[in-house]
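Asks: Here you go, one structure.
The values are calculated or read from the model by the stated rules, or taken from the named source; none is laboratory data. Predicted model only: the values in this text are computed from it and were never measured. Heads up, the Cβs are rebuilt from the backbone with ideal geometry, glycines too, and the neighbour counts pull from every protein chain shown.
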Amino acid sequence: MKFECDRQKLNEAVLNVQRAVSAKSSVPALEGILLTAEDGRVRLCGYDLQIGMTTEIEAQVAEKGSVVMGARLFGDIVRRLPGETVRFETDDKQLADIRSGEAKFSVAGIAAEEYPELPRISGDAGLTLPSSVLKSMIRQTLFAVAQTDAKPVHTGTLFEVEEGKIRLISVDGYRLAIREEPIRGGAKNS
């Protein structure tokens with residue numbers, strides 16, 4: 001695997017997917033980020049068997065491939081690289097060579113085959129919502145999510161999608177928060 005990309009875009013992508021990476025796991029690959037280089041882009045994936053996150057950045061891909069890099073170490077390296085571009089290359093033993101400016105790192109990776117596959121979402125029902133609206137909806141209902149596990153059903157927010165609208169509902173046993181927004185293209189489900 002061999003690619004070159006913008007350091008700032010790679011750093012932003014790593015910061016995003018790190019949120020879905022397991023801090024401690026009996027499966028070492030779950031503590032890492034899966035990098036997949038193909039056709040002018042690099043896909044980064046973080047997954048802890050409950051939450052999965054994938055993002056893509058543009059890159060000049062010289063050689064396709066995949067590798068899992070330890071999320072914390074890889075994130076620290078990318079954040080501190082001095083140059084504008086990052087050159088990333090792995091060998092057949094999953095040893096990654098990371099270069100930018102005058103800096104050079106050699107870091108052991110994990111074979112991509114050890115990384116669990118993210119579940120596929122079935123059906124073609126989907127919706128489009130501006131991220132600013134979703135963030136606002138979450139902020140306005142988060143206060144009513146229970147802070148203790150006394151009643152686990154109260155420790156989350158219900159996302160309810162009906163024709164033409166999305167509704168977020170949170171309750172902690174005392175407080176109830178509901179926020180609703182119109183949407184385009186939403187099938188009826190929760």
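Asks: Can you list the strands (runs of 3 or more DSSP E) lying wholly within region 34-148 that have 3 or more residues being β-branched (Val, Ile, Thr)?
Replies: Counting at least 3 such residues, we get 52-58, 85-90.
Asks: Looking at region 164-183, which of its residues are free of Cβ contacts under 8 Å to residues at least 40 places away in the same chain, part of a loop (DSSP other than H, G, I, E, B) and within 14 Å of LEU129 (Cα to Cα)? Walk me through how you get there before you give the answer.
Replies: If we filter region 164-183 for residues that are free of Cβ contacts under 8 Å to residues at least 40 places away in the same chain, which is where we start, we get 164-178, 180, 182.
Retained after the next criterion (residues that are part of a loop (DSSP other than H, G, I, E, B)): 164, 172-175.
Residue satisfying the conditions is GLY164 alone.
Asks: Anything in region 134-163 that is touching a strand residue (DSSP E or B) at 6+ places or on another chain (Cβ under 6 Å), among the polar types (S, T, N, Q) and touching a residue at least 24 places away in the same chain (Cβ under 8 Å)? List them, or say none.
Replies: GLN140, THR141
Asks: Looking only at region 1-54, which residues are aliphatic (A, V, I, L, M), within 21 Å of GLY83 (Cα to Cα) and surrounded by fewer than 17 Cβ atoms within 10 Å (Cβ to Cβ)?
Replies: LEU15
Asks: Kindly evaluate SER136 against the criterion of being small (Gly, Ala, Ser) and surrounded by 13 or more Cβ atoms within 10 Å (Cβ to Cβ). Let's see the steps before the verdict.
Replies: Values: small (Gly, Ala, Ser): yes; surrounded by 13 or more Cβ atoms within 10 Å (Cβ to Cβ): yes.
Yes, satisfied.
Asks: Could you list all residues from region 71-84 that are touching a residue at least 40 places away in the same chain (Cβ under 8 Å), closer than 16 Å to GLU4 by Cβ and surrounded by 18 or more Cβ atoms within 10 Å (Cβ to Cβ)?
Replies: Hits for region 71-84 are VAL78, LEU81.
Asks: So is VAL68 of a type in the set (Val, Ile, Thr), surrounded by 19 or more Cβ atoms within 10 Å (Cβ to Cβ), modelled with pLDDT of 95 or more and farther than 16 Å from ARG7 by Cβ or not? Steps first, answer last, please.
Replies: Working: of a type in the set (Val, Ile, Thr): yes; surrounded by 19 or more Cβ atoms within 10 Å (Cβ to Cβ): yes; modelled with pLDDT of 95 or more: yes; farther than 16 Å from ARG7 by Cβ: yes.
For VAL68, the condition - of a type in the set (Val, Ile, Thr), surrounded by 19 or more Cβ atoms within 10 Å (Cβ to Cβ), modelled with pLDDT of 95 or more and farther than 16 Å from ARG7 by Cβ - is met.
Asks: Quick check: anything in region 85-103 at positive phi, surrounded by 13 or more Cβ atoms within 10 Å (Cβ to Cβ) and in contact (Cβ under 8 Å) with a residue 12 or more places away in the chain?
Replies: Yes, because at least one residue in region 85-103 is at positive phi, surrounded by 13 or more Cβ atoms within 10 Å (Cβ to Cβ) and in contact (Cβ under 8 Å) with a residue 12 or more places away in the chain.
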